[in-house]
Structure formats: structure tokens, C-alpha cells
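The values are calculated or read from the model by the stated rules, or taken from the named source; none is laboratory data. Only a predicted model underlies this, so the values are computations on that prediction, with no experimental measurement involved. Note that each Cβ is placed from the backbone with ideal geometry, even for glycine, and that neighbours are counted across all protein chains shown. Heavy atoms of the whole protein, side chains included, go into the accessibility calculation; ligands, DNA and RNA do not. Shrake-Rupley method; radii C 1.70, N 1.55, O 1.52, S 1.80 Å.
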Amino acid sequence: EQEKLQGIWNAVSVEKGNQIRQVQPNELAQFIIENNKIKIKDSTIRKKTETELLYEIDLSKNPKTMFLKDTEALNNSTYATYSLEGDILIIEVKNYFEDGREKIVFTLRKTKP
């Protein structure tokens, strides 16, 4: 499963709260998954940011779960659920925002090499 997650994933849509919106051509929302790290380049949530997370998947749970840990603030961690079907990856992150919003959902499409 971890091998299938490897690669570059571009966001198609982002759901914040109960609002879903398409990622615009001038915005960047990209997840680069390599080994046990996820590098997120994003300009849809806040000003342009780049974040690197360590991740660990748990296939014993349904839905599948990821434990995410910020590489710069190791005490900053959270869980996410995800589903993977072909070249579409949906990641739902709980407690993503510091301001208390409940979740953010990224719908991602894998780029072709």
C-alpha cells in the first residue's frame, strides 16, 4: 500500500468545513510522497506554505489511517483517514487548523511520470 502512495499528487478539490471548492489554475496544492515523508506545497489554505510530514499508515483500521507528524514541530501530530482508488487519493485530516476547524479534505490526482 505504501508503494502505491509514492509520487506526486495534485489537489483537484479542497473541502474546508462544509465548503468544497475546486483548486484554481493559479493555486498550488501538491503532495509529494516519498518513502515515509509527505511534502505539502500549498497556497489554498493560507498564504503559500511548504510543510514536511512524517507518516505511518495503519491498514488494520477501516477507513485506512495515517499518523502524521510535523518534521519541524515533532510534538505537532494528528491522524488522517484516506482512501486510494487508482490515481485518486482522498485524505481527510482531523484538527488540521489551529483555529479549531474540524477537518480538511484533499482530493488528489496522481501525476503521470
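Sparsely packed loop sites in the range 1-96 (the GluC sites (Glu not before Pro) outside DSSP H, G, I, E and B with at most 13 other Cβ atoms within 10 Å) comprise GLU1, GLU72.
Taking only pairs that are 8 or more places apart or on different chains, how many Lys pairs in the chain have Cα atoms under 12 angstrom apart?
Taking the Cα cut-off of 12 Å, the pair count is 6.
For the chain, a Gaussian network of Cα nodes joined below 10 Å ranks VAL14, VAL93, VAL23 by mean-square fluctuation, and the top entry is VAL23.
The residue list VAL12, THR78, TYR55 was ranked by how far each Cα lies along the charge dipole of the range 4-84 toward its positive end, using unit charges on Cβ atoms, and VAL12 comes out on top. Shown here: Rg/Rh (Cα atoms, Kirkwood Rh), derived from the displayed model; of the candidates (i) 0.92; (ii) 1.02; (iii) 1.11, it corresponds to (i).
In this structure the chain gives 64 Å² per residue of accessible area when probed at 1.4 Å with all protein chains present.
Contour minus end-to-end for LYS4 and LYS103, with contour as 0.36 nm per residue of separation and end-to-end as the Cα-Cα distance? Roughly 33.2 nm would be gained on extension. Dividing the summed -39500 (n - 2.57) terms of all DSSP H runs of n ≥ 4 by the residue count of the chain sets its mean residue ellipticity at 222 nm at -500 deg cm²/dmol. For the chain, with all protein chains in place and a probe radius of 1.4 Å, 45% of the accessible heavy-atom surface sits on carbon or sulfur. Across the chain, the mean sequence separation of Cα contacts (distance under 8 Å, 6 or more residues apart), normalised by length, yields a relative contact order of 24 percent.
Could you please report the charge total around LEU84, scoring K, R as +1 and D, E as -1 over all other residues with beta-carbon less than 15 angstrom from its beta-carbon? Neighbour charge sum, excluding LEU84 itself: -1.
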